[in-house]
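Trainee: What follows is a single structure, and I will ask about it in a moment.
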Amino acid sequence: MAYIPTEWQTGDVITAEKLNKAERGIAAASAVFIPITFDETENSYVLGASYNELKALMGKQVIGIEEYTDDPYLCTYSIFTRLSVEEDNSYTALFFSPTISGGGPVPTISKFSATDPDENMKWIIPV
């Protein structure tokens, strides 16, 4: 649903409800959506961003979106949680996915990585 601003009038009372509405609008406007695609040849998910691109987005809400149907409203999403350089000099980004299944929420962590900070990061599915 699109944010609809409050049209304030002189004498209006600022309420917690109206302040929370403004906060939600600000958060939605500052979110960055990054596509996640599946590469069948490598059996991996590819994040539409590199380590350096994610680093430039630090402080913003970054959400990875994986569309799994032709309907853009039906998708899985992941929330960016951490960016790091590992001991083996690989670049990693962790995404938290609050996936909903038949038995309820099943949270998972996806670890995307790359050896070059300017290449798109991948999460290779364990076989």
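Trainee: Just to confirm my filter: which strands (runs of 3 or more DSSP E) fall fully inside the range 15-72 and include at least 2 residues that are of a type in the set (A, V, I, L, M, F, W, C) and at pLDDT 80 or above?
Mentor: 32-39, 44-50
Trainee: Still on this model: Anything in the range 90-118 that is surrounded by fewer than 13 Cβ atoms within 10 Å (Cβ to Cβ) and either among the acidic types (Asp, Glu) or at pLDDT 85 or above (or both)? List them, or say none.
Mentor: Thr115, Asp116, Asp118
The values are calculated or read from the model by the stated rules, or taken from the named source; none is laboratory data. Note that the structure is predicted; figures quoted are calculated from it, not measured. Don't worry about glycine lacking a Cβ; one is built from the backbone with ideal geometry, like all the others, and counts go over all protein chains shown.
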